[in-house]
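Accompanying notes for the structure given below.
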Amino acid sequence: MTSTDLFYIIIFIILINFIIDKVLDYLNAKNYDNPIPNELQDVYDETEYKKSQAYKKTNYKFGIWSSLFSLALTLGFLFFDGFEYVDNIARQYSDNSIVVALMFFGIIMLGSDLISTPFSYYKTFVIEERFGFNKTTKKTFILDKIKGLFMMAIIGGGILALIIWFYQQTQELFWLYAWGIVTVFTVFMNMFYSKLIVPLFNKQTPLEDGTLRDKISAYAKSVGFNLDKIFIIDGSKRSTKANAYFSGFGSEKRVTLYDTLVNELDEEEIVAVLAHEVGHYKKKHIIFNLVASIALTGLTLFILSVFISNPLLSNALGVDIASFHVGLIAFGLLYSPISEVTGLIMNQLSRKFEYQADDYAKNTYKAEPLITSLKKLSKNSLSNLTPHPAYVLMHYSHPTLLERVRNLRKNN
Ligand SMILES: [Zn+2]
């Protein structure tokens, strides 16, 4: 195989990915006006339903334009040897391959961030604003960007530098060391994400004593679950959309409720949502997901180690001096069909876990408040009641609202 062959394989993969994605979007959009299933008639009233459809259609059109733009940009970059150009700039400043790699990725990340900012600005301040979701101020938007870039530079840059250093020291065995460091980092982040990262972006306050806390404690006690760390996060700082999640494990486990969720749902519904989250915990989904993602990382790194020393990878992107960092980009592009497949499997599993967590909430608490809370949350985010099955198969990490309602009402 020549580097030209490999170049065209990469182009082919990018195009196929794009086409599959757009076909799925199209199928999904075709179903927007389908009749609402009986079980979900009470989610929206007439005006709200019209609004939710307008929201979906606006996002669909926006998605087409922004993905066409990014496709054109990617192809242009590949056909006009953009990576070679950036690599040469980085090499002007240093001979050290770690420094060159950091500069190379720094330029690419910063460049793509600058180009994508107008799109995220439009999404937040035009689309989300028009439909009443946006609470982000321009100041928060800019600060989020800056903090995000800093975090990426420190964490991403640090891990990349370490991996290249391992590669220099141990050649093809580097993947084992890289896997080790990524695993330690992943577990650490799982444990301390809420303590270390979230405070950079949000305020978290412990849930105050009161009837809600009492109800949560009573439920937790009834299923033998130790739940004393309950936090309210100021999600309303950015959006009216609501959420709740579990994080950490062992003594670090805590539950985080968005203030928007607490305002939107009544106390029984909040307990039902928590019962669902406890279900994930009790059914060991959290540990499973962690182990699965670590195993997948190991597999990916191993495959990377087989190919990374081949100069064909760098040459395929039009870069003459073969290097780890350019090889990494080519590998990422070539690997994307495999990650599509693993993503599909993980989504399938995730949907299964959602049913199990719903069943857990139903069996240890009640089904009805969970149903009404899911309906309220769907309405609150103007979500799609009639998604296309193929779209659900590929993209949904949760079953559809209809499927969940039917499952929760089963044998009741
Ligand atoms: Zn869940």
For this session: Filter the cross-link list Lys215/Lys366; Lys195/Lys376; Lys123/Lys145; Lys221/Lys376; Lys22/Lys61; Lys221/Lys282 down to pairs whose alpha-carbon distance in this structure exceeds 20 Å.
Result: Lys195/Lys376; Lys221/Lys376
Problem set entry | Helix-only mean residue ellipticity at 222 nm for the chain, each DSSP H run of n ≥ 4 adding -39500 (n - 2.57), per residue, nearest 500 | -23500 deg cm²/dmol
For this session: Could you go through segment 280-297 in sequence order and give the Karplus-derived ³J(HN,Hα) for each residue, using 6.51 cos²θ - 1.76 cosθ + 1.60 with θ = phi - 60°, rounded to whole Hz, and x for Gly and Pro?
Result: 4, 5, 5, 7, 6, 5, 5, 5, 4, 4, 5, 5, 4, 6, 5, 5, 4, 4
Problem set entry | Relative contact order %, segment 291-374, counting alpha carbon pairs below 8 Å whose residues are six or more apart | 16 percent
For this session: Quote the charge dipole size of the chain about the Cα centre in Debye, to the nearest 20; the model charges only the Cβ of Lys and Arg (+1) and of Asp and Glu (-1).
Result: 820 debye
Exercise. Straight-line reach from Lys56: which aspartates and glutamates have Cα under 12 Å away, leaving out those fewer than 8 places along the same chain?
Worked result: Asp25, Asp33, Glu128
Exercise. Ignoring ligands, DNA and RNA, what percent of the accessible area of the chain is carbon or sulfur (1.4 Å)?
Worked result: 65 percent
For this session: Set the Förster distance to 41 Å, then compute FRET efficiency between Phe150 and Ile36 from the Cβ-Cβ distance, nearest 0.05.
Result: 0.35
Exercise. Quick one: putting +1 on the C-beta of Lys and Arg, -1 on the C-beta of Asp and Glu, what dipole do you get for segment 142-300 around its Cα centre, in Debye to the nearest 20?
Worked result: 380 debye
Problem set entry | the chain - accessible surface per residue (Å², probe 1.4 Å) | 51 Å²
Problem set entry | Calculated from backbone phi, Karplus (6.51, -1.76, 1.60) coupling profile of segment 38-45 in Hz, x at Gly/Pro | 3, 4, 10, 4, 8, 6, 10, 8
Exercise. Roughly how compact is the chain, stated as its Cα Rg over 2.2 N^0.38 Å to two decimals?
Worked result: 1.08
For this session: Using only Cα atoms, figure out Rg for segment 278-365 and give it as a multiple of 2.2 N^0.38 Å.
Result: 1.57
Exercise. How many percent of the alpha carbon pairs in segment 327-412 exceed a separation of 19 Å?
Worked result: 50 percent
Exercise. What are the semi-axes of the equivalent ellipsoid of segment 219-356, taken as the square roots of 5 times the eigenvalues of the Cα gyration tensor, listed largest first and rounded to whole Å?
Worked result: 42, 18, 13
Exercise. So what's the net charge close to Glu252: Lys and Arg +1, Asp and Glu -1, counting the other residues with Cβ under 15 Å from its Cβ?
Worked result: +3
Problem set entry | Whole-number percent relative contact order across segment 99-197, with pairs defined as alpha carbons under 8 Å at least 6 apart | 22 percent
Exercise. How big is the charge dipole of segment 118-166 about its Cα centre, in debye rounded to the nearest 20, if each Lys and Arg gets +1 on its Cβ and each Asp and Glu gets -1 on its Cβ?
Worked result: 180 debye
For this session: Please work out the Cα center distance from segment 159-176 to segment 243-257, rounded to the nearest Å.
Result: 33 Å
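The values are calculated or read from the model by the stated rules, or taken from the named source; none is laboratory data. These numbers come from a predicted model, not from an experiment. Note: ideal-geometry Cβ built from the backbone for every residue, glycine included; neighbour counts use all protein chains shown. Quick note on the areas: whole protein, heavy atoms, side chains included, nothing else; ligands and nucleic acids left out. Shrake-Rupley method; radii C 1.70, N 1.55, O 1.52, S 1.80 Å.
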